[in-house]
Amino acid sequence: MARNSYAVFGMGSFGSKLALALTRQGNTVLICDSNPQRINELRDKVTEAVIGDVSNEDVVKELNVSKFDAVILSMSGYFEDQVLALTLLKQEGAKKVVVKSNSTIQERILYRLGADEVIQPELDVAERLSRRLSLSNITDIFEFRGSAIADVVVPSHLCGKPLRELDLRNKYNITVLLACKSGANECSVGPDTVLSPGDQLTVFGGEKAIIELFKER
């Protein structure tokens, strides 16, 4: 059974990858682009594919956008079309509109026009990479609903103690989701798991708390 229903408008590099990823995760996905070649290349890989210009009012009405859980606009190379499409989607009752932006100025404009969420993928990736390179014990970290999920390498000051004794949840409000022992193929976690050098954890909590706790001292 499909999880959710999405429409992705604009089949550039980002839009195409997003549509395919959403489909692989079991969602119903409609794609739309004015370029027939792009649509035909993806037609058999998504639920439904439509050739059309979503800055055109008649096209948006025919797509019945109110039925989707979210509509993603990824035509950021054509900002005027993006603005027109966003306005039409809101007029036609789209539940949630996520818009890809190329700049902070565009982001501000899109929010004022009613976008529910504006993303800048290149900036987001750059920030994540800069944090990962700057924090040697944190291999990846990303925001999740106001908190953060991170993959970390256990620092020396946490080694040799079981998770029960470290009591990370009560002391730091950090939850260990997975623990992968160095050299092991399987990941698991329990209160008696003793941390060793080279172990990798997946943790959930406040970003600042994670950075402070897992940095090498």
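The values are calculated or read from the model by the stated rules, or taken from the named source; none is laboratory data. Every value quoted in this text rests on a predicted model; they were computed, and no experiment measured them. Quick reminder, even Gly has a Cβ in these numbers, built from the backbone with ideal geometry, and neighbours come from all protein chains shown. Side chains are part of the model used for accessible areas, which takes the heavy atoms of the whole protein and leaves out ligands, DNA and RNA. Shrake-Rupley method; radii C 1.70, N 1.55, O 1.52, S 1.80 Å.
Of all residue pairs spaced 6 or more apart or on separate chains, those with beta-carbon atoms under 7 Å, a first member in the range 204-217 that is under 17 Å from E143 (Cβ atoms) and a second member that is modelled with pLDDT of 85 or more and open to solvent by 90 Å² or more (accessible area, probe 1.4 Å) are G205/Y172; G205/N173; G206/N173; A209/Y172; A209/N173.
Here the range 56-75 is the region considered, the condition is being in contact with a Phe, Trp or Tyr (Cβ under 8 Å, 6 or more places away or on another chain) and assigned to a loop (DSSP other than H, G, I, E, B), and the residue that is most open to solvent (accessible area, probe 1.4 Å) is D69. Under the condition of being in a loop (DSSP other than H, G, I, E, B) and open to solvent by less than 20 Å² (accessible area, probe 1.4 Å), which residue from the range 76-109 is modelled with the highest pLDDT? Ranking the candidates gives A94 first.
How many residues does the range 27-45 contain that are in a helix (DSSP H, G or I) and closer than 18 Å to S76 by Cα? Steps first, answer last, please.
Step one: filter the range 27-45 for residues in a helix (DSSP H, G or I), giving 36-45.
This time we only want the ones that are closer than 18 Å to S76 by Cα, so: 38-39.
Qualifying residue count for the region: 2.
Entry remark, the range 127-142: residues being surrounded by 12 or more Cβ atoms within 10 Å (Cβ to Cβ) and either among the polar types (S, T, N, Q) or modelled with pLDDT of 90 or more (or both) number 3 in total.
Restricting attention to the range 52-79, the residues that are over 16 Å from G114 (Cβ atoms) and out of contact with any Leu (no Cβ under 9 Å at 6 or more places or on another chain) add up to 10. Could you say which residue among G12, G52, G26 is of a type in the set (G, A, S), surrounded by fewer than 18 Cβ atoms within 10 Å (Cβ to Cβ) and in contact (Cβ under 8 Å) with a residue 60 or more places away in the chain? Only one candidate passes the filter, namely G12.
Residue-level check: of (1) under 20 Å from K90 (Cα atoms); (2) under 19 Å from the mean Cα position of the chain (by Cα); (3) part of a helix (DSSP H, G or I), V8 misses just (3). For first residues located in the range 81-93 and under 14 Å from E62 (Cα atoms), partners that are of a type in the set (F, W, Y) and surrounded by 15 or more Cβ atoms within 10 Å (Cβ to Cβ) and lie 6+ apart or on another chain with Cβ distances below 7 Å form the pairs A85/F9. Each residue in the range 143-192 was checked for being open to solvent by less than 30 Å² (accessible area, probe 1.4 Å), in contact with a strand residue (DSSP E or B) (Cβ under 7 Å, 6 or more places away or on another chain) and part of a loop (DSSP other than H, G, I, E, B), and 2 of them qualify.
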